[in-house]
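S.K.: What follows is a structure written as structure tokens; I'll ask about it next.
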Amino acid sequence: MMRRTLLQILLLTVAFALATVIMGWWAVPALAVLWGLLTRSERHPELVAAAAAGLGWSLLLVWTATQGPIGELASRAAGVMGISSLALVGMAIAFSMALAWSATVVGRTGALGAWGRGKGEEGRVA
Amino acid sequence: MRKVRVGVAAVLLGSGLYVGSCGVGLAAPFGPFLDPANGVWAVARSAEIPTDLTAAIPSLDGAVSVLYDSRAVPHIFATTVDDAVRALGYVVARDRLFQLDIQTRATAGRLSEWGGSNALRLDRFQRSIGLARSAEREFAALDPGSAEIRLLHAYAEGVQAWTDQMRPQDLPFEYPFLGKRPLRWEPVHSLYLMKRMGYTLAYSSHDRWRARVVGLVGKEAADALFPVANPIQEPIQPNGDKGPRFDFQPLPPPGVPRMLEVEDVVAGTLGEFCPPTTLPSYRRTACEMGVGGEVVLGSNNWAVSPNRTANGYALLAGDPHLSLTLPSIWYEAHMVVPGEMDVYGVTIPGSPGIVIGFNRDVAWSVTNTGADVLDYFHEVVDDRDQPTRYWLDEEWRALESHVEKYFDHKGDLVAVDTIRFTHRGPLVRAGDEYMSLRWTVLDESGTLALFDATRAGSVEQWLEAMAGYKAPAQNGIVADRGGNIAIRSIGRYPIRAGNGDGTEIRPGADSDNDWQGDWSLRDHPYSLNPEQGFLASANQQPLDPQVNGQYLGVNWPSPWRAMQINSLLRADSQVTPDAMSRYHTDPGNAKADIFVPAFLNAASASVDAESHPELAEAARLLAEWDRKYTRENERAVLFEAAMGELSRRTWDELVAAGANRPIATPGQSMLAQLLEFPDNVWWDHQRTVSVIETRDFILAASLEAGLAIARREFGAPEDGGWRWDRVQTTNIHHLLGFPALSAFDLPVQGGPGNLNPSSGSGTHGASWRMVVELGPEISAWTTYPGGQSGNPASSWYDNRIQTWVDGRLDAVFFPAGIEQMDPNDVIGSIRLGPDGRGR
């Protein structure tokens, strides 16, 4: 079970990262809704999505750091906003996680509403 | 529980999507901003100079190579002049796109599209004076086949090529914050820049406050306090004197305040036309500086003939002072077209060529002339609220009008104005009255002349090319390899009707009051190879009125800087490039040399130490000063505080009843003049009816008060708080005023009246420093307070500031051809071609 979850997170991380590069930030809620629709019978798919989105965006930040002075940029940008660099990084990651979590829950709820609860779903979704 | 969770998720998703796509208030949408692939983070990926970029400018005639040297200066090697200009547009856009955009929007009055209602007043003002309209008219009037229009188009093609090919990471840092995209650059926007510079340098509304001074103290006194001829003559065009001439005359007593007349009311209300500023970088404009007082800003340039230099070659220094911003107003570049052009220097982003610099034969720089090139005319209109006609030569003339619409950051229409024009210029409302504005800046600029001059082969050719330059008027200094030096006040200077005086608001109902033409070029302030062996300008009165009494302007700045640079140049007959470099931040101050002895004499003459211990202490402290504004000196603060008090106490007659500050303040050379007349009535303080104060009393009291102020604000003199570099620092604001992108509290050497004047607010200063030695090979040294890149994450954003603060210059690399570029000194390159394949 754990291995399956980790695999899901890994694949979803790559998916979030690639989709963000191609589509921009909208990729996160879009992909998460889709994830919610597809995993209506899964256990806590919203947590998987949130973790993957956070990791996906972190991955992109790390990749950017290899391409240019992201520390200086974070310092300047955070300074403009009156926050610390770390808070700005945290804000970006938290934003992706919040979008992914909420979009998955909403997507899953929509799926459940449309198709009804699947076998074994009752009692699983608190 | 499930419902609650779903509810929370729905609300969170809705909120996230809303702030992600719309933002909150003026804040940019969060989504595109925080996006790690395409948002603000991506800017880090384009922070550095490209090591080997290949790109297309479709209109190029051939391949162009751009090599960046170790100072991040692009050297552009092209085969045609048009291609070199296209490449300049490209590299400037790459490094300074946001700057191009904001200065265009500011001129066009479109900042509220970014800043909402915060910027609306500024936009309305900008549009009311017709800068963008005049640029559009000038552009429309250009011959489609002219060299100028080719130049403007070539530059725009370069800028557009960059913006068309931009990747997400190339979008400048500021746009993700604003949630906006760049304006598309059009050829006419280069003319917007010229108008913008005209507004910065030549928008002086002295007519308005002078009328109020006349109302308060009478015309005779007003004329004497704000004279056409400065009482200290150290003109740009040498007058044959070996030093400054002091034409000191007693000031006539103030007249009795009279009832305000229409012109006074109009003039007073015109205060509204000093633009309300929202951007710190523009906060001290020429308009603000125009309200009398001492202009502590100022540009310098000087040149030395070979017979007074150590190496026997002509030397030239350029030192233009402007509002300091990050990124800097200047961008350093080198343009090479074999056989056609080989020019190095600085351009202003938006200008299709080098503005100040040098080529293989000639070097040049400019200072602002500060001539009176703007007049107001009091107009009679047919309707107070919605005028459609104005009265001229016994008949009604139709006003030209057009509607200006203003939109906010959301694209909503927030205001509509009708801007009206007489044949003279824009009509501005002042209370219930109207005035039209006649201003050289709203006419032709003469951009092509600037460009042609960069290809001059001699002083003579440079002057000839610059004959076509119009506005804003400048003092152009030039030197060549043949050992010639020259200076001329270039640009248009209007000839006025009647006595030619431009100090008063004229009635607009009679066209006989219109400008009668322009000064002939032979009358312009000018000197070629003067006997004294050097030339210098520092915004002082260009012509000695005893040599040429034609009206050129009024209320000229006190010539402290001119006196200082001329004094240095007179004293040194073996000038070296190093000395030229040091002069930029020379701590000597001609003002202090006049006023310090006056304070000390007054203190010793007025009182004994026992009865006035504070005065004695102030005099003791001031006497310790060597009158040099070094960073470590601890006495300039006392002197400046005393000077402030001296001005306040002396000019109390200029404070209108009920007001708490003077309506205008005469320059410090007027105070220097007054020192010669110890019993002049202006020394008397009008509030002390029973006592008649004299010079020494006011001087002593000012010095004593200065000590109290210095102690109050900076502590005891022995505690270290009086160190000049803790008191007077320079602040360089980012174009949007973001503190995190600005540089504050820079400890520069200099002070009010110095060659490095260091203004009170610290936001102005030496925007570019250059020394050129015109030997068989050109040698040059330069710097400016900033860096080549507009990207705050770049190591080239502010890397030159420390060099600038230290008063040092960098040696310039000036290769004649691409083969002279040492690969070890090349940090990056861009290959440009019409199809993306550079050579």
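Laboratory data are not the source of any read-out in this text; all were calculated from the coordinates shown. Please read these numbers as outputs of a predicted model, since none were measured by experiment. Note that we place each Cβ from the backbone using ideal geometry, even for glycine, and neighbour counts take in every protein chain shown.
S.K.: What is the magnitude of the charge dipole of region B:139-224 about its Cα centre, with +1 placed on the Cβ of each Lys and Arg, -1 on the Cβ of each Asp and Glu, and no other charges, expressed in debye to the nearest 20?
M.R.: 340
S.K.: R0 = 25 Å: FRET efficiency of B:Arg245 with B:Thr630, Cβ-based, nearest 0.05?
M.R.: It comes to 0.25.
S.K.: Right, something else. Test of understanding: express the Cα radius of gyration of region B:725-788 as a ratio to 2.2 N^0.38 Å, with N the residue count.
M.R.: In units of the 2.2 N^0.38 Å rule of thumb, it is 1.36.
S.K.: Sum -39500 (n - 2.57) across every DSSP H segment of at least 4 residues in chain B, then divide by the residue count to get the 222 nm mean residue ellipticity, nearest 500.
M.R.: -9500 deg cm²/dmol
S.K.: What does the structure give for A:75-87 when I average, per residue, the other chain Cβ atoms found within 10 Å of the residue Cβ?
M.R.: 4
S.K.: Enumerate the whole-percent occupancy of each 10 Å bin, from 0 to the last occupied one, for all C-alpha pair distances of region B:168-224.
M.R.: Calculated over all Cα pairs of region B:168-224, the distribution is 17, 21, 23, 15, 14, 10, 1 percent.
S.K.: When the C-alpha atoms of region B:492-563 are aligned to their principal axes, what extent does each axis show, in angstrom, from largest down?
M.R.: Extents along the principal axes: 49, 26, 20 Å.
S.K.: Another question, if that's okay. Would you please state the base-10 log of I(q)/I(0) at q = 0.13, 0.15 1/Å for region B:301-444, with intensities from the Debye formula using one equal scatterer on every alpha carbon?
M.R.: Each listed q maps to, in turn, -0.86, -0.94.
S.K.: Would you kindly state how much longer the chain becomes between B:Glu531 and B:Trp515 on full extension, computed as 0.36 nm times their sequence separation minus their alpha carbon distance, in nm to one decimal?
M.R.: That works out to 2.1 nm of additional length.
S.K.: Run the quick spin-label model on B:Ala740 and B:Val256: label points 7 Å from Cα toward the beta carbon, then report their separation in nm to one decimal.
M.R.: 6.4
S.K.: So what's the gap between the Cα centers of region B:108-127 and region B:734-760, to the nearest angstrom?
M.R.: Using only Cα atoms, the two centres lie 26 Å from each other.
S.K.: Still on this structure, I have one more. Just name one of B:Ser489, B:Ala509, B:Leu535: the one whose Cα is farthest towards the positive end of the charge dipole of region B:462-550 (beta-carbon charges, Lys/Arg +1, Asp/Glu -1).
M.R.: Going by the charge dipole, the pick is B:Leu535.
S.K.: Which whole DSSP H helices in chain A pass both tests: a Cα extent of 18 Å or more along the axis and a mean Kyte-Doolittle value no lower than 0.0?
M.R.: A:2-23, A:45-67, A:85-115
S.K.: In addition: Which parts of region B:56-98 would a label at B:Asp164 reach, counting a residue when its backbone N lies under 12 Å from a point 7 Å out along Cα-to-Cβ?
M.R.: B:56-60
S.K.: Which of B:Ser351, B:Ser458, B:Ser436 has the fewest other C-beta atoms within 10 Å, and how do the rest follow up to the most?
M.R.: Going from sparsest to densest Cβ surroundings: B:Ser458, B:Ser351, B:Ser436.
S.K.: Here is a further query. Please go through region B:193-253 and write out the trypsin sites (Lys or Arg not before Pro) that DSSP classes as loop and that have at most 12 other C-beta atoms within 10 Å.
M.R.: Listed in order of number, the matching sites are B:Lys242.
S.K.: Next up: Can you figure out the FRET efficiency of B:Phe677 with B:Trp396, using R₀ = 56 Å and their beta-carbon distance, to the nearest 0.05?
M.R.: 0.60
S.K.: If you take the Cα Rg of region B:594-727 and divide it by 2.2 N^0.38 Å, with N the number of residues, what do you get?
M.R.: 1.06
S.K.: Would you mind checking the tilt of helix B:81-108 against the longest principal axis of the Cα atoms of chain B, expressed as 0 to 90 degrees and rounded to 10?
M.R.: 60
S.K.: Of all the C-alpha pairs in the protein assembly as shown, what % are more than 59 Å from each other?
M.R.: Of the Cα pairs, 16 percent sit more than 59 Å apart.
S.K.: Rounded to whole Å, give me the distance from the Cα center of region B:173-187 to that of region B:207-262.
M.R.: 47
S.K.: Moving on to the next point. Which three lengths, in whole Å and largest first, does region A:2-114 cover when its Cα atoms are put on their principal axes?
M.R.: Taking the Cα atoms of region A:2-114, the three principal extents are 47, 26, 26 Å.
S.K.: Just want the answer: with Cβ charges of +1 for Lys and Arg and -1 for Asp and Glu, which residue in B:Leu142, B:Gln160, B:Leu122 is farthest toward the dipole's positive end in region B:99-199?
M.R.: The Cα lying farthest towards the positive end belongs to B:Leu122.
S.K.: At what distance in nm do the modelled label points of B:Ser21 and B:Asp61 sit from each other, each positioned 7 Å from its Cα along Cα→Cβ?
M.R.: Rounded to a tenth, the inter-label distance reads 5.0 nm.
S.K.: Any idea what angle helix B:2-21 forms with the longest principal axis of chain B, computed on alpha-carbon atoms, 0 to 90 degrees, nearest 10?
M.R.: 70
S.K.: Quick check on chain B: take the gyration tensor over C-alpha atoms, sort the square-rooted eigenvalues as a ≥ b ≥ c, and tell me if it's rounded (a/c under 1.5), prolate or oblate.
M.R.: Rounded is the answer for chain B, as its axis ratio a/c remains below 1.5.
S.K.: Now for a separate question. Among A:Met97, A:Met81, A:Met23, whose mean-square fluctuation peaks in a Gaussian network model of chain A (Cα, cutoff 10 Å)?
M.R.: A:Met81
S.K.: While we're on this one: If you take the square roots of the eigenvalues of the alpha-carbon gyration tensor of region B:363-418 and sort them as a ≥ b ≥ c, do you get rounded (a/c under 1.5), prolate (a/b over b/c) or oblate?
M.R.: oblate
S.K.: Run the numbers for B:Lys219 and B:Glu617: contour at 0.36 nm per residue of separation, minus the present Cα-Cα distance, in nm.
M.R.: Here the answer is 139.2 nm.
S.K.: Can you sort A:Arg43, B:Arg71 from fewest to most other Cβ atoms within 10 Å of each residue's own Cβ?
M.R.: Lowest count first: A:Arg43, B:Arg71.
S.K.: Still on this model: Between 0 and 90 degrees, rounded to the nearest ten: what's the tilt of helix B:636-650 against the longest Cα principal axis of chain B?
M.R.: 60
S.K.: About the Cα centre of the protein assembly as shown, how large is the charge dipole given +1 on each Lys and Arg Cβ and -1 on each Asp and Glu Cβ? Please answer in debye to the nearest 20.
M.R.: 4480
S.K.: With r as the distance between the Cβ atoms of B:Ile149 and B:Ser458 and R0 = 35 Å, compute the FRET efficiency 1/(1 + (r/R0)^6) and round to 0.05.
M.R.: Rounded to the nearest 0.05, the efficiency is 0.80.
S.K.: Which translational diffusion coefficient, to the nearest whole µm²/s, is obtained for region B:1-94 from the Stokes-Einstein equation, given a Kirkwood hydrodynamic radius over C-alpha pairs, 25 °C and 0.890 mPa s?
M.R.: Here the translational diffusion coefficient equals 141 µm²/s.
S.K.: Same structure, new question: What does the extension gain come out to for B:Val380 and B:His685, with contour length at 0.36 nm per residue minus their alpha carbon separation?
M.R.: 105.7 nm
S.K.: Give me the distance in nm between label points sitting 7 Å out from Cα along the Cα-to-Cβ direction at B:Ala716 and B:Val4, one decimal.
M.R.: Going by the 7 Å Cα→Cβ label model, 6.6 nm.
S.K.: Taking 4 °C and 1.567 mPa s as the conditions, I'd like the Stokes-Einstein D for region B:699-839 in µm²/s, using the Kirkwood hydrodynamic radius from alpha carbon pairs.
M.R.: 69
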